[in-house]
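Here the structure comes first, spelled out in structure tokens, and everything after it is commentary.
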Amino acid sequence: MATQLFNLTGKIALVSGASRGIGEEVAKLLAEQGAHVIVSSRKIDDCAAVADDICKGGGSAEAFACNVGTMDQIAALFAHIGKAHGKLHICVNNAATNPYFGHVLDTDLGAYNKTVEVNIRGYFFMSIEAGKLMRDNGGGAIVNTASVNALQPGPMQGIYSITKAAVVNMTKVFAKECAPFGIRCNALLPGLTKTKFAGALFSNDDVYQAAMQAIPMGRHAEPSEMAGTVLYLVSDASSYTTGECITVDGGMTI
């Protein structure tokens with residue numbers, strides 16, 4: 001086990017989009033602090049690989065495949081959590097999609113629907129189901145991975161940026177209405193981060209260089225740099241209870 005930063009022993013944590021990138025780093029860090037982590041993503045083999053790594057390192061984890069863009073799969077995931085654990089303390093909504101990279105005027109209906117279904121509807125109903133379990137068990141913490149694109153749209157990323165702006169306001173809605181149940185809701189706004197998901201930004205040199213010029217520290221972030229912020233937000237030490245948004249921009253936290 002790695003260094004104990006916060007004690008999450010006995011906590012049940014769900015991390016979506018946890019098969020790689022930011023989600024994988026978050027899942028592993030939460031497990032290192034003692035949480036039992038439900039590693040979720042679209043493909044069970046990828047989820048199982050991360051869960052196995054956690055268990056080999058002395059942590060506790062299980063894998064459960066779920067495409068958050070599909071309502072039936074969300075229902076199946078939470079039915080499993082309810083039956084297997086009866087409670088949920090932490091939910092990290094990290095799964096996302098960005099199928100279209102190009103001018104906004106060329107966005108087709110398929111790309112629009114897929115992006116909205118995963119990034120907005122998926123987060124919304126994952127938060128509802130998580131919130132119900134938390135409400136019935138004394139509270140919990142929800143963290144939504146948004147993006148700095150929520151504040152300033154990224155070039156050639158129109159519909160993705162729109163959905164991430166929606167995630168920020170969604171987080172504030174859940175924070176306000178769920179606070180009386182002891183549920184904390186916050187959003188993480190990563191800047192340019194070296195993940196497979198962001199591959200199009202790194203493979204396009206013009207876009208990458210433009211992004212570098214806009215980042216105060218002049219460098220991109222690594223997925224592991226996001227995990228520590230999420231850990232703090234879901235820990236009992238966190239005082240963020242009203243929908244604060246933490247911006248992580250190229251390694252700089254504001």
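Across all C-alpha atoms in the range 10-115, the radius of gyration and Dmax reach 15.1, 50 Å.
Please report the net charge: other residues with Cβ closer than 12 Å to the Cβ of S235, K and R +1, D and E -1. For residues surrounding S235, the net value is +1. Listing M71, M134, M156 from fewest to most neighbouring C-beta atoms within 10 Å gives M71, M156, M134. Among H103, H89, the order by Cβ neighbours within 10 angstrom, fewest to most, reads H103, H89. Peptides 44-56, 158-170 ranked from most to least packed, by the mean per-residue count of other Cβ atoms within 10 Å: 158-170, 44-56. Legend: residue pairs K11/K172; K114/K176; K114/K164; K83/K114, Cα-Cα distance threshold 18 Å; pairs beyond threshold, K11/K172; K114/K176; K83/K114.
Counting other Cβ atoms within 10 Å as a rough exposure proxy, the listed residues E62, E32 run E62, E32 from fewest neighbours to most. Shown in residue order for the range 167-181 are the 3J(HN,Hα) couplings computed by the Karplus curve 6.51 cos²θ - 1.76 cosθ + 1.60 at θ = phi - 60°: 4, 4, 5, 4, 4, 5, 4, 5, 4, 5, 7, 9, 4, x, 8 Hz (x for Gly and Pro).
Sum up the charges of everything whose Cβ sits under 15 Å from the Cβ of I120, counting Lys and Arg as +1 and Asp and Glu as -1, but leave I120 out. Charge balance in the 15 Å sphere: +3.
What net charge is computed for the residues neighbouring R135, neighbours being all others with C-beta under 13 Å from the C-beta of R135, Lys and Arg scored +1, Asp and Glu -1? Please report the intermediate quantities before stating the final value.
On the way: positive: K87, K132, R184; negative: E129, D136, E177.
The answer is 0.
Read-outs: derived from the displayed coordinates by stated rules, not from any lab. Since this is a predicted model, take the numbers as computed values, not measurements. Please note: Cβ atoms are built from the backbone with ideal geometry, for glycine as well, and neighbour counts cover all protein chains shown.
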